[in-house]
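> Sharing a structure, written as structure tokens. Questions coming.
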């Protein structure tokens, strides 16, 4: 009886260790898979400001395609924002005019910005009294939102800017909420290598002022 009890106990111990190991391995694989997907395919971002209103609202949570413009070689330690080397991209593709993209803020690459592509390489871009002109022709942007009248001050680049030629490998970015957006009118062109990905859709939205969920925004495709 004693021997049987000992054997059963040992078997139970071995079994318990095996189950614990299986759980640990499953969790480890799940974390690796999540990290792989986040690095190469899709990443979630939260909208912290109103610079893209009314397309994107504060509290919107969006999914961003990481492979839309090429394959990025990870150049930083995940979650720590510690950069290891310069950006390397394979199969690079230039974003199209009108795309909403997430990118590293040129003045502080630890921060992510989201804006709309307005100027692409080779464009002659100008803003005249809030109206955008590309290559001498008015650019019709149905997403642009204006909350103030044009300013007559020459010190305000938001309403009168350029003309400027967008250089190769760069983009001219603007927020949809034109009077409330820090964009290329203030900090210059965006290096395409700093693009993180293309905004795809809203998967969650929280209205902080009303402390309630915006159910009507779930699943909204961004364009």
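The values are calculated or read from the model by the stated rules, or taken from the named source; none is laboratory data. Note that this is a predicted model, so its numbers are computed, not measured. Neighbour counts are summed over all protein chains in view; Cβ atoms, including those assigned to glycine, are modelled from backbone coordinates with ideal geometry.
> Given the criterion closer than 17 Å to residue 193 by Cβ and either free of Cβ contacts under 8 Å to residues at least 12 places away in the same chain or within 25 Å of the chain's Cα centre (by Cα) (or both), identify the matching residue among 118, 101.
101
> A follow-up question, please. When you check residue 51 against the structure, is it modelled with pLDDT under 90 and not in a strand (DSSP E or B), yes or no?
Considered against the rule, which asks whether it is modelled with pLDDT under 90 and not in a strand (DSSP E or B), residue 51 comes out as no.
> Is there a residue in the range 190-199 that is over 18 Å from the mean Cα position of the chain (by Cα) and surrounded by 12 or more Cβ atoms within 10 Å (Cβ to Cβ)?
No: the range 190-199 contains no residue that is over 18 Å from the mean Cα position of the chain (by Cα) and surrounded by 12 or more Cβ atoms within 10 Å (Cβ to Cβ).
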